[in-house]
Structures are given as structure tokens and as C-alpha cells.
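S.K.: Take this structure, written in C-alpha cells, and hold onto it; I'll ask about it next.
The values are calculated or read from the model by the stated rules, or taken from the named source; none is laboratory data. Keep in mind that what you see is a predicted model, and the values were worked out from it rather than measured. For neighbour counting, all protein chains shown are included, and Cβ atoms are generated from backbone atoms with ideal geometry for every residue, glycine included. Ligands, DNA and RNA are stripped out before the accessible areas are found, and what is left, the full protein with its side chains, is counted by its heavy atoms. Shrake-Rupley method; radii C 1.70, N 1.55, O 1.52, S 1.80 Å.
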Amino acid sequence: MDGLSPGTDVTYYWNVDGEDLPDNESSITAMWEEAGEYVITAWYQVGGCTSPQASITVEVIDDGSLPDIYPAKFFTPNGDGVNDTWEIGNIEYYPDAHIEIYDRYHKCLIKYRGTDVGWDGNYNGHQMPSTDYWYYIRDGKLKGGARSGHFILKR
């Protein structure tokens, strides 16, 4: 922009994946909610002349910024309103998670999603006994893609 006088009006234009941004700034800071490739195009107008457009492709990667999950170590489904279901802390950040619970013989007792209510300790309408149970949680957004472990049901 050499040769422009200090009072010259410059209008800046920005476009991301074909969508114009409203800012008229000489630079932008962009934040994306999803990983993927994005094309950023920039150009400017000064004194009735338009610059050539310049484009770059930016690859946004998932930085793992979602909070970790915390499966409960125990629950007490006795109807007192406290710990009556087996819950997973922060599971709301993983609505597509697949959750499976197994007994000690590796019989699958329940399968549900991250948006569903936690397990109530019943299988086919019958209360399960106090003992250890195992869980398997899988979601592509989890570090490593899956998590497994065990917890205690105490009646």
C-alpha cells in the first residue's frame, strides 16, 4: 500500500467458505467449533480499485478441549433420591456416546446413549444385586475413542 496518503479509506473484505464476514478490519481472528478444512479469502478496496483476492486453506484439528468424563465409582438405587442412578460426569458433552453395562459374567444388561438417563440398577424389571458391574463407553470425541472400568452397585 505504498504511496497511499494517511487519509485514504481502505475497505477490507473477508470470506470463509463462501460466506462473507461483516468486519472491515485489516486482520481477523477466527474460531471454529468443528474440525475440518476451511478456505479463507481476503481482498481490499482503496481509491476505487479492488485488489486481487488471496485465499488460503486452513485445517482445523480437534485439540481435545472437551472435558473428560467421570464415571461414578458407585451408586445406591434405594429410592432416596441420592445416587439412585449410575451417572457419568460430563457425559452431556458426548451426546452420541454409546454406553454399555455388563455383569460379572459379561452379560450385557443395558445399552444407552449419552443423552439418556443413567442406569437405575434394574434388568428386565428386576433389581440387580449389590456387586461390581463393568461399563464400556465409546465415542470418537473421547481421548482414545473409548473408556472402560467398573463400579459398585450397593443396595
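S.K.: If you filter the range 74-155 for chymotrypsin sites (Phe, Trp or Tyr not before Pro), then keep DSSP loop positions with at most 12 other Cβ within 10 Å, what is left?
M.R.: Tyr105
S.K.: Would you compute the Debye intensity of the range 57-138 from its alpha-carbon atoms alone, equal scatterers and no solvent, and pass along log10 I(q)/I(0) at q = 0.11, 0.14, 0.18 Å⁻¹ to two decimals?
M.R.: Debye intensities relative to I(0), on a log10 scale: -0.35, -0.52, -0.79.
S.K.: Ignoring ligands, DNA and RNA, what accessible area per residue does the chain give at 1.4 Å, in Å²?
M.R.: In whole numbers, the chain has 68 Å² accessible per residue.
S.K.: Test of understanding: what is the full-extension gain from Glu19 to Ser65, defined as 0.36 nm times their sequence separation minus their Cα-Cα distance?
M.R.: In short, 13.9 nm is gained.
S.K.: Please report, in debye to the nearest 20, how large the charge dipole of the chain is about its Cα centre when each Lys and Arg carries +1 at its beta carbon and each Asp and Glu carries -1 there.
M.R.: 1260 debye
S.K.: Let me ask something additional. What accessible surface, in Å², does a 1.4 Å probe find on Lys141, ignoring ligands, DNA and RNA and rounding to the nearest 10?
M.R.: Only protein atoms counted, so the area is about 110 Å².
S.K.: State the percentage of accessible surface on the chain attributable to carbon and sulfur atoms; use a 1.4 Å probe and exclude ligands, DNA and RNA.
M.R.: Summing carbon and sulfur atoms, their accessible area is 49 percent of the total for the chain.
S.K.: Would you pull out the residues with amide H under 5 Å of Glu87's amide H, same chain only if 5 or more places away, H placed 1.01 Å from N?
M.R.: Amide H to amide H, under 5 Å and 5 or more residues apart or across chains, Glu87 pairs with Ala72.
S.K.: With an 8 Å cut-off on Cα pairs and a minimum separation of 6 or more residues, tell me the relative contact order of the range 77-155 in percent.
M.R.: Computed value for the range 77-155: 30 percent relative contact order.
S.K.: From the protein chains alone at 1.4 Å, what is the descending order of accessible area for Val16, Val82, Val117, largest first?
M.R.: My answer, sorted largest first, is Val117, Val82, Val16.
S.K.: Right, next: What percent do you get for the relative contact order of the chain when only Cα pairs under 8 Å and 6+ apart count?
M.R.: 16 percent
S.K.: Could you work out the pair-distance distribution P(r) of the range 7-76 from its alpha-carbon pairs, with 5 angstrom bin width and percents rounded to whole numbers?
M.R.: 3, 12, 19, 17, 11, 9, 7, 6, 4, 4, 3, 2, 2, 1, 0
S.K.: Now for a separate question. Taking all pairs of different Cα atoms in the chain, averaging 1/r and flipping that mean, what Kirkwood radius in angstroms comes out?
M.R.: 20.0 Å is the Kirkwood radius here.
S.K.: Count charges around Leu153 for me, please; just the other residues with Cβ under 14 Å from its Cβ, Lys/Arg as +1, Asp/Glu as -1.
M.R.: -1
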